[in-house]
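Asker: There's a structure below that I have some questions on.
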Amino acid sequence: MAKKIGPLDIYNYLPKTNCGECGEKTCMAFASQLIERSVKLEDCSPLIQPNFAVSYRGLKEMLAPSVKEVLVGVENTAVKIGGEEVIFRHELTYFNKTAIALDVHDEMENDELVSRVRYVNDFYFKRIGEELKLDIIAIRSKSNDPDIFAQCVSKVSDETKKPLMICSWDPFVLESGLKVVGHERPLIYAATKDTWKEIGGLALKYNCPVVAFADGDMSELKSVVKALESMGVEDIVLDPGSHVEGQHLSNTFGNFVKSRRAAIWNEDVGYPLLGVPAIVWLNGDGAENTFKEVMIAAIMIDKYADLIILHTPEIWALLPIVTLRQNIYTDPRRPIAVDAGLKRFGNPDENSPVLMTTNFALTYYTVASDIESLGVDCYLLVIDTEGLGVEVSVAGGQLDAFKAVDAIKKSGIEEEVKHRKIIIPGLSSRISGDLEIQSDWEVLVGPVDSSSIGDFIEKKWS
Amino acid sequence: MKNTLYLPEIIKMLEKVEEIELENIDMTAGELELIMSMISAIKGPSVKKAEYLDLDFNVPLANFPGEVLEVELGATKSNGGTRKNVIKVGGQKTLPFYNFESHNPNEPVIAYDVFDTNIHLAGPVRRHFEDVMDDPAEWAKRCVDKYGADAVTIHLISTDPTIKDTSAREAAKTVENVLQAVKVPIIIGGSGNTDKDPEVLEKAAEVSEGEHCLINSASMNMDYKRIAKACLDHGHVVLSWTSLDINDQKTLNKYLIDLGIKREDIIMDPTTAALGYGLEYSFSIMERIRLAALKGDKDLQMPMSSGTTNAWGAREAWMENPEWGDREKRGPLWEAVTALTLCLAGSDLFMMMNPTAMQLFKDTFRCLSGLKETVSLDIKDWIRMG
Ligand code: B12
Ligand code: SF4
């Protein structure tokens, strides 16, 4: 999508009947939603009738993202990468989070291979109500032997529903893999200046996305991409080469930035970017590699990789990586909020403690997990603070005594419990006086951090 | 059987196949005509020839009219101080590490945190300083002698009435001791108590006159005029601290300038929310501030500082939890990733705590600066590695 396109430009191509079939009240509203990509063009049912063919086609082109969105895998297990529209998140938003692949290779012992694949399948870490996962399995052909590779690919594919990436410089090896999983749309790695024709041919034959690789040379990378395009290949991913050592890292970083700028500013080679932090392991087995791999992954997630390949399975290393990805792909204009209202933990009864918190997802899930780990039966009254945390909403007025009283009344908690005692977060102590005056509830100011709720309840709740 | 085809499908068909047969499709003659007329438009005039051409990639360069101010910390003998060196912060001409575009003169600066009282610190941090935590001067020395700190921050947190209520006079003594103990530039921090800090920082500024320290901090919800005056009177740099609000940051900077502070004597702290705890806010605010500076907004052209130590407030950094893996490694990474991310967003100065985190961060930014020479590996080998 070119930068200057606004809702009006889109509106001009819509049916302009305000019929409401898309779920929006007006065509104009639908146009705005299209820019934010919260709706699809096809949601406007009149538009996909033959008589709007030209408009549909025009809009489709107009709305195509500057960085093409590429699908790896099939159907509901596919991973979307790219699809980005801006260089800086605050200019609009980032759309598809960096996909994370973990590598395996075809000379791994069977047990090791299977357990690594299952590790990827099962890996998840719950933060703020979101499940953070690994997305793709990258299979490297260490053997460079077509038969061995095919066997490995088939084993991996039997073990997982995750999309795959198959990696070799040799078209024969790649094709042996594609014969096994070609119908699952794996990402083919990689076409070069020397192999674009053969590997591009495989991408066409099996209808799979393909990586274009050039080692640090952006002109060569562009040439490979254009060669693939000239064959009719459409789903391309860029690998400008991941150098992770010394001054070479600076060049790699520069190439990532240049690629993203070219895509957005010049509509030049607008494809998703691949980074390979796993390359740190080329240096051997040192324990410090894991640290380094995390740092490289962080750089790439910050700027501008759409897919990264990791080697380390260490949880203490993956945790900061998936958390960073969650942060970078959270739009600060829309804090993640949870539904307000009364939540029950365990089997609370008329004597159970009543606690209060805000509906900022980070706050709510932190408190909820503390309560869950304690295993106490209680009520948690979640106040609608427009998705802001405790201290912030007290400072900004989204949480005050009025709001709290109102929430207590509307929640129905007064019918659930006999007592009139509520524990509020330590950081909202400022509202406790007013809250007591305006309601007939006794207010207990709890600890500042919800991790000590247990102690507090034990000592102060009787 | 009757079928209705919608446009997206028709277009897909047209794109994929050479010939189509439209059978059993409910369509008026007019519609059919329309579709036929689209075929040529969609399929294009003729198929391109598959070929490899040596093309040129035009490097997209930004032309930033503005640049970040360069702020000096510390004063050597020739400038009336007793520091052995001066540190330059900021001066950036483009975004961090965009070396292809312009050369940023100064690398990021890391300052080690030292506290004036034996506070509760996470295990992975405490370990390194356990035996010196009752003596801030020794603690500072440890940072410099053992870990090679370029700068040290002495946080006078015991002055907080709810901690020890240490008097301003006593706190100033601590500052003097630290200045004696180490010869690197120092940063002086209050306790964050908005009523007490003006008094504490005034005294501290007085006893460190001439050393060109960074005074941490002036904020809107305190009597920042007193802080500003102390910095003016005793020749210090002021840290202008706001909480994640770009307009507030502009406003406070202007106030400070109106009070007579030179633009080169201000560093901004737009607040660091840690990895997993609001980092997305700090990231965007810093990125926006840095872009504004490069685009020429004079009120935001000061270098930025990050209280990266906040990372240790995150549970994932300090908490023992077997499901999260080794805390000794996880904690330092939490701090290092917070630092690196905010560095890429534009922060220039980092107040940090864990030596491993600092080493990791430093190794990484030295590479990114292009200053660390090394041989190039054949990265194509990664497919066949161990
Ligand atoms: C992120 C952040 C923001 C984000 C808010 C994101 C969001 N969706 O909430 C943004 C940028 C929007 C923001 C805005 C503001 N902020 Co702000 N912000 C922060 C920051 C950095 C982190 C807050 C946070 O998210 N903490 C994490 C969450 C999980 O904590 P929490 O909600 O408090 O929950 C914990 C506890 O309260 C407790 N708890 C929660 N529920 C319960 C329940 C019970 C029963 C118990 C016992 C305990 C408990 O346990 C939880 C886990 O530890 C803090 C500084 C800091 N490092 O703390 C400043 C801070 C909170 N902000 C501050 C201010 C002043 C503001 C603004 C008013 C001004 C400004 N210019 O920015 C605006 C207000 C906007 C508004 N309200 O309209 C001040 C508040 C000062 C004060 N005490 O009054 C702070 C402390 C910074 C500072 N020192 O100046 N901010
Ligand atoms: S369905 Fe289409 S025509 Fe109807 S209101 Fe929505 S955008 Fe307008």
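The numbers here are math on the coordinates, done by the rules we state, and not lab data. The structure presented is a predicted model; accordingly, all values stated were derived computationally and were not measured. With ideal geometry, Cβ positions are generated from the backbone for all residues, glycine too; neighbour counts draw on all protein chains shown.
Asker: How many nm separate the modelled label positions at B:E176 and A:L8, each set 7 Å beyond the Cα in the direction of the Cβ?
Answerer: 6.9 nm
Asker: Would you mind computing the Rg to Rh ratio of chain B from its alpha-carbon coordinates, Kirkwood style for Rh?
Answerer: 1.19
Asker: Right, here's the next one. Hey, what does the equivalent ellipsoid look like for the protein assembly as shown, semi-axes from the Cα gyration tensor as sqrt of 5 times each eigenvalue, largest first, whole Å?
Answerer: In descending order the semi-axes read 49, 34, 28 Å.
Asker: Taking the mean number of other Cβ atoms within 10 Å as a proxy for protection, how do you rank A:367-380, B:50-63 from highest to lowest?
Answerer: The most tightly packed comes first, giving A:367-380, B:50-63.
Asker: Counting DSSP beta bridges with both partners in the protein assembly as shown, what percentage is antiparallel, nearest 5?
Answerer: 20 percent
Asker: Neighbouring Cβ atoms within 10 Å as the yardstick, rank B:L340, B:L291, A:L174 fewest first.
Answerer: Lowest count first: B:L291, B:L340, A:L174.
Asker: Around B:T82, what is the net charge, scoring Lys/Arg as +1 and Asp/Glu as -1 over all other residues with Cβ under 9 Å from its Cβ?
Answerer: So the environment of B:T82 carries a net charge of +3.
Asker: Would you mind classifying the range A:341-460 by shape? Square roots of the alpha carbon gyration tensor eigenvalues, ordered a ≥ b ≥ c; an a/c under 1.5 is rounded, otherwise it is prolate if a/b is larger than b/c and oblate if not.
Answerer: It is rounded, given that a/c, with a ≥ b ≥ c, falls under 1.5.
Asker: Compute the separation of the alpha-carbon centres of the range B:274-344 and the range B:173-234 and state it in Å as a whole number.
Answerer: Value for the Cα centre distance between the two parts: 24 Å.
Asker: Now for a different question. If one takes the longest principal axis of the Cα atoms in chain B, at what angle in degrees, from 0 to 90 and to the nearest 10, does the Cα axis of helix B:246-258 lie?
Answerer: 40 degrees
Asker: Can I ask one more? State whether the range A:69-328 is rounded, prolate or oblate according to the following rule on the C-alpha gyration tensor (a ≥ b ≥ c being the square roots of its eigenvalues): a/c under 1.5 gives rounded; otherwise a/b larger than b/c gives prolate, and the remaining case gives oblate.
Answerer: Rounded, since a/c falls under 1.5.
Asker: Which is the longest part of chain B that has none of the trypsin sites (Lys or Arg not before Pro) sitting in a DSSP loop with at most 15 other Cβ atoms within 10 Å?
Answerer: No qualifying site falls inside B:296-386, the longest such stretch.
Asker: For B:273-285, what's the mean count of beta carbons from other chains sitting within 10 Å of each residue's beta carbon?
Answerer: Other-chain Cβ atoms within 10 Å of each residue's Cβ, averaged: 6.
Asker: Another question, then. What's the angle, to the nearest 10 degrees (0 to 90), between helix A:288-302's Cα axis and the longest principal axis of chain A?
Answerer: The helix A:288-302 is inclined about 80 degrees to chain A.
Asker: Can you compute the FRET efficiency between B:H120 and A:D377 using 1/(1 + (r/R0)^6), with r the Cβ-Cβ distance and R0 = 22 Å? Round to the nearest 0.05.
Answerer: 0.10
Asker: Okay, moving on. Along the principal axes of its C-alpha atoms, what lengths does the range B:101-252 span, in descending order and rounded to whole Å?
Answerer: 49, 43, 31 Å, listed from the longest principal axis down.
Asker: Before anything else, pin down the relative contact order of the range A:338-462: Cα pairs under 8 Å, at least 6 apart, normalised by residue count, whole percent.
Answerer: Answer for the range A:338-462 is 27 percent.
Asker: Let me ask you something else. Calculated from DSSP H runs of 4 or more alone, at -39500 (n - 2.57) each and per residue, what is the 222 nm mean residue ellipticity of chain B, nearest 500?
Answerer: My calculation for chain B gives -11000 deg cm²/dmol from helical runs alone.
Asker: Sticking with this one: If you take every DSSP beta bridge fully contained in the range B:70-368, what fraction is antiparallel? Give it as a percent rounded to 5.
Answerer: 15 percent
Asker: Sticking with this one: Compute from the Cα atoms of chain A the Rg and the Dmax, the latter being the longest Cα-Cα distance, and quote both in angstrom.
Answerer: When restricted to the Cα atoms of chain A, Rg and Dmax are 26.5, 79 Å.
Asker: Mind pulling the angle between the C-alpha long axis of helix B:7-16 and the longest principal axis of chain B? Nearest 10 degrees, somewhere in 0 to 90.
Answerer: So the helix axis and the longest Cα principal axis differ by about 80 degrees.
Asker: Follow-up. Calculate the spin-label point distance for A:S462 paired with B:L377, positioning each point 7 Å from the Cα along the beta-carbon direction, and give it in nanometres.
Answerer: 6.5 nm
Asker: Across the range B:95-247, how many lysine pairs, 8 or more apart or on two chains, come within less than 22 Å at their alpha-carbon atoms?
Answerer: 15
Asker: In percent, what relative contact order does the range B:147-253 have, based on Cα pairs under 8 Å that are 6 or more apart in sequence?
Answerer: The normalised contact order for the range B:147-253 reaches 23 percent.
Asker: Once you sort the root eigenvalues of the Cα gyration tensor of the range A:295-385 as a ≥ b ≥ c, which label holds: rounded (a/c under 1.5), prolate (a/b larger than b/c) or oblate (the other case)?
Answerer: The shape class here is oblate.
Asker: Could you grab the relative contact order for chain A? Cα pairs under 8 Å, six or more apart, rounded to a whole percent.
Answerer: Once divided by the residue count of chain A, the mean separation gives 10 percent.
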